[in-house]
1. Please work out how much length the chain gains when fully extended from Gln127 to Gln84, using 0.36 nm per residue of separation minus the C-alpha to C-alpha distance, in nm with one decimal.
2. Hey, rough spin-label estimate for Lys53 and Arg94, points 7 angstrom out along Cα→Cβ, what's it come to in nanometres?
Amino acid sequence: MRAIFAALGLVLAVSTAQAQDHAGIGQTIESQIAALQADDFDRAFSFASPDIKRLFATPERFGAMVRNGYPMVYRPADVTMLEQTETPAGVVQRVMIRDAQGRLHFLAYQMVPAADGWQINGVQLLQAPETGV
């Protein structure tokens with residue numbers, strides 16, 4: 001019986017530690033979106049991983065990519081964090097965004113750990129789930 005309680009305690013401790021490790025992911029995404037809404041591309045770019053920074057080179061080029069390729073992220077009406085999934089490449093945070101026209105968009109943010117928290121290593125638009133008949 002003690003072994004069962006010890007095992008349950010270990011599982012709970014590991015689950016809690018993992019949740020705490022990932023707690024800053026949503027805040028990182030929300031902070032980047034807030035910076036984009038304020039047209040603060042320097043700040044928005046600061047949440048990008050080194051790979052993304054190398055790819056776009058400047059905050060201005062990064063901002064242009066977001067404005068043109070991810071308008072729902074640039075000017076969302078509502079942002080909701082969904083589930084997180086561990087992958088070999090990092091943690092994937094699913095996000096539901098309602099755009100200014102009321103359309104729902106589902107995105108997968110690939111997150112990587114950094115010395116000062118989490119960084120965004122890519123965003124993928126997902127197909128919205130089928131609804132109704």
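1. Working: separation 43, 0.36 × 43 = 15.48 nm, distance 1.71 nm.
Roughly 13.8 nm would be gained on extension.
2. 3.1 nm
Read-outs: derived from the displayed coordinates by stated rules, not from any lab. Please read all numbers here as calculations on a predicted model, not as lab measurements. Cβ sites come from the backbone with ideal geometry, for glycine too, and all protein chains shown count toward neighbours.
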